[in-house]
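In what follows, a structure is listed as structure tokens, so that the remarks can point back to it.
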Amino acid sequence: MIVHLKENISIEDAENISRDIEGKLIFNEKNKLIITSSKKNSISDIHEKFISDKHILKSDIQLASRDYIKKTRKVKINNIEIGGDTNNTLMITGPCSIESKEQIRESANLLKKLNLTTLRAGCFKPRTSPYSFQGLGVEGLKMLSEIRDEFGFNIISEVKDASHVEDVINYTDIIQIGAKAMYDHGILRETGQQNKPVLLKRGFGSNLQEFVQAAEFILSEGNDNVILCERGIRTFETKTRFTLDLCGVSFLKEYTNLPIILDTSHAMGYSYGVPDLTRACVAMGIDGLLIESHPNPKEAKSDASQQLNFKEFEEMFSSLVPICQSVNRNLI
Ligand code: PEP
Ligand code: MN
């Protein structure tokens, strides 16, 4: 149940009600509300005078539910917007990992050439082996922010664990929470307690309910700017790296109010399949894409097999334009 409190309620009264109904209180300029478990559907009459309305939701997908907010939420990333009435499909690209100043400058020039706005590169890499490249850390974030200042891009980079949440918040415009960190409640809470957009990736072993409930952890801390990212789940199939759950994307579009971005690079795991898969995704009418591209994929320090070289990226990008038009989307 989501209980909307009257605008003039004091923080003390709001906290009292929240305690009484065992809810989670959001109390800020924009919102004054309490969210309880969906198992609760009533509230004592003694609180009635403080309440403006209440919404009973069927499951603990509550703030993210279309039954609560009908339209897709608009997320503003500095000078650009996705969701809401925008019909924008945001192309996010860049290398899996930032490796050097030279490398990221080459990526920046590709974005500039194609008029793109949002550069992504990982600095803290959640690798499956402790012996692989772990990322440049804060040094990488600094290089990214220099590029942002010079080119005016929005920057997105990943939080891997609680040790560097603040650094990533400070240096980026969108905070990415990776698939392996989807369940990290410390990260979910901390990114929920600030206002920058958060791109939450689906854990590859998580079902849709668990995925959206992870987003609820961020929303229920007060951050409205949450974007979902489907990046493939683990199935019995081994020929591709993961299985991109496009049925799940349809579910998310129908039942949640959060913008949805698709990451075809990590799903496929091999560059040969990324352009076709991306074209299929765009035809679904989605809010954005996350595609890995690298000046020289063969030499990449992480995810070498799936990154597109710039020629492949440009060819794919131009093939997306008519598909976007046919589903009434602006590729930005
Ligand atoms: C990444 O985006 O580079 C990454 C590690 O992705 P994921 O969290 O989806 O595995
Ligand atoms: Mn990667």
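The values are calculated or read from the model by the stated rules, or taken from the named source; none is laboratory data. Just so it is clear, the model here is predicted, and its values are computed rather than measured. We place every Cβ from the backbone using ideal geometry, glycine too, and count neighbours over all the protein chains shown.
Tell me, yes or no, whether region 84-106 has at least one residue that is among the small types (Gly, Ala, Ser), surrounded by fewer than 16 Cβ atoms within 10 Å (Cβ to Cβ), under 26 Å from Asn41 (Cβ atoms) and more than 16 Å from ligand 2 (Cβ to nearest atom). Taking every residue of region 84-106 in turn, none turns out to be among the small types (Gly, Ala, Ser), surrounded by fewer than 16 Cβ atoms within 10 Å (Cβ to Cβ), under 26 Å from Asn41 (Cβ atoms) and more than 16 Å from ligand 2 (Cβ to nearest atom). Report yes if some residue within region 271-278 is more than 24 Å from the chain's Cα centre (by Cα) and of a type outside the set (Lys, Arg); otherwise report no. Taking every residue of region 271-278 in turn, at least one turns out to be more than 24 Å from the chain's Cα centre (by Cα) and of a type outside the set (Lys, Arg). Any idea how many residues of region 272-299 are of a type in the set (Gly, Ala, Ser) and surrounded by fewer than 23 Cβ atoms within 10 Å (Cβ to Cβ)? Here the count works out to 4. On inspection, Ile92 passes the criterion of being closer than 23 Å to Val226 by Cβ, β-branched (Val, Ile, Thr) and modelled with pLDDT of 95 or more. Taking the criterion of being aromatic (Phe, Trp, Tyr) and within 18 Å of Ile98 (Cβ to Cβ), the only residue of region 160-193 that qualifies is Tyr171.
In summary, Thr117 fulfils each of the numbered conditions (1) of a type in the set (Ser, Thr, Tyr); (2) buried (at least 23 other Cβ atoms within 10 Å of the Cβ); (3) touching a residue at least 40 places away in the same chain (Cβ under 8 Å) with the single exception of condition (2).
Does Lys301 satisfy the criteria of being part of a loop (DSSP other than H, G, I, E, B) and away from ligand 2 (no atom under 15 Å from the Cβ)? Considered against the rule, which asks whether it is part of a loop (DSSP other than H, G, I, E, B) and away from ligand 2 (no atom under 15 Å from the Cβ), Lys301 comes out as no. At least 1 residues being within 21 Å of Glu312 (Cα to Cα) and within 16 Å of ligand 2 (Cβ to nearest atom) is the threshold, and among the helices (runs of 4 or more DSSP H) wholly inside region 233-292 those reaching it are 264-268, 274-283.
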